[in-house]
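Only one structure is covered here, and it is reproduced in the block below.
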Amino acid sequence: MKPHVICHMVSSVDGRTLNSRWRPDGKLASALFERLHDELGGDAWLIGRVTGQEFAKGKPYPAVTDQIFPRENWFARRDVKAGDVKAYGVALDFHGKIGWGRSDIGGDPIVVVLSSKVSDAHLAGLRQEGVSYIFAGETELDLGLVLDILNRELGVKRLLLEGGGGANGAFLRAGLVDELSLVLCPAVDGAKGAPSVFDSGEPLTGPTAPVEAMTLESSTVIDGGAVWLRYRLRNR
């Protein structure tokens, strides 16, 4: 069973997400993002590798180990909702490049999504730090499988997809986004190629998102003149 996926992002009016570039400044963005993140109340939140690297505190793990691990999902913790922990922090790191140096982000246990081709040495590093991991493909990332595992193994029913644009765009094109929570801040970026809410490495002739309809569920003016838009998506 697939969790309900809400893409939650804060952007300038031109859809850009790197608030250090915004004019006027984007100081309001982070506070709004966190407040509404808590209000949406997901069982898990998901980010891509680039965003995940920003949270990492460690160095790459040693390149060799004498240990051999089965390519099976491994969980350091399964106790979210049982205590003070509210959600899992899920990071796409398919090729196993991030050395975390931590087991949680803001108290939320990290779960890494990997390829089954990732080395035993990388798995050893994750286990040593208490970082859970799941496998979702060998050569290509299967996003539907990621959602299925999170629901089946960890009971995730509501997931907040929180980018960057590459991860958001991949889920959108896979038809896996159910809702968009977008906070438009009164600021502009204006630069070509700046990070955006949804992005793609594909050319314009690549696959388009299978979105058939977007229904506005609510629009609310919030702090500083920002507007919080919530859309329900219908996919083919």
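The values are calculated or read from the model by the stated rules, or taken from the named source; none is laboratory data. Not measured: the values here are computed from a predicted model. Ideal geometry is used to build each Cβ from the backbone, glycine not excepted, and the neighbour counts take in all protein chains shown.
Please determine whether any residue of region 193-203 is within 23 Å of the chain's Cα centre (by Cα), aliphatic (A, V, I, L, M) and farther than 17 Å from C7 by Cβ. Checked against the condition, which is being within 23 Å of the chain's Cα centre (by Cα), aliphatic (A, V, I, L, M) and farther than 17 Å from C7 by Cβ, region 193-203 yields at least one hit. Among the residues of region 175-193, the ones that are of a type outside the set (V, I, T), in contact with a helix residue (DSSP H, G or I) (Cβ under 7 Å, 6 or more places away or on another chain) and buried (at least 19 other Cβ atoms within 10 Å of the Cβ) come to 4 in all. Annotation: of all residues in region 75-96 being of a type in the set (F, W, Y) and part of a loop (DSSP other than H, G, I, E, B), the one that is nearest to N151 (Cα to Cα) is F75.
Return the total of residues in region 200-226 being closer than 24 Å to A31 by Cβ, of a type in the set (D, E) and at pLDDT below 95. Going through region 200-226 one residue at a time, the tally reaches 1. When D223, D120, D178 are checked against the criterion of being in contact (Cβ under 8 Å) with a residue 60 or more places away in the chain, acidic (D, E) and more than 19 Å from L46 (Cα to Cα), D223 stands alone in meeting it. Looking only at region 136-148, residues that are crowded, with 18+ Cβ neighbours inside 10 Å and assigned to a helix (DSSP H, G or I) come to 3 in all.
Taking first residues from region 194-212 that are surrounded by fewer than 11 Cβ atoms within 10 Å (Cβ to Cβ) and partners that are at pLDDT below 95 and of a type in the set (S, T, N, Q), the Cβ contacts under 9 Å between residues at least 6 apart in sequence or on separate chains come to G206/S200; P207/S200. Residue pairs whose Cβ atoms lie under 8 Å apart, separated by 6 or more positions or on different chains, with the first residue in region 151-171 and under 10 Å from M9 (Cα atoms) and in a loop (DSSP other than H, G, I, E, B) and the second at pLDDT 95 or above and of a type in the set (A, V, I, L, M), are E162/M9; E162/L46; E162/I47; G163/M9; G163/I47; G163/V197; G164/I47. Does P62 count as assigned to a strand (DSSP E or B) and in contact (Cβ under 8 Å) with a residue 24 or more places away in the chain? No: the conditions fail for P62.
How about region 97-135: which of its residues are more than 19 Å from E54 (Cα to Cα), among the charged types (D, E, K, R) and in a loop (DSSP other than H, G, I, E, B)? If the condition is that a residue be more than 19 Å from E54 (Cα to Cα), among the charged types (D, E, K, R) and in a loop (DSSP other than H, G, I, E, B), then K117 is the only one that fits. Tell me the residue from S115, S20 that is of a type in the set (S, T, Y), more than 27 Å from M214 (Cβ to Cβ), modelled with pLDDT under 95 and more than 14 Å from the chain's Cα centre (by Cα), please. The match here is S20. If I go through region 92-114 residue by residue, how many of them are of a type in the set (F, W, Y) and on the phi > 0 side of the Ramachandran plot? The total comes to 0.
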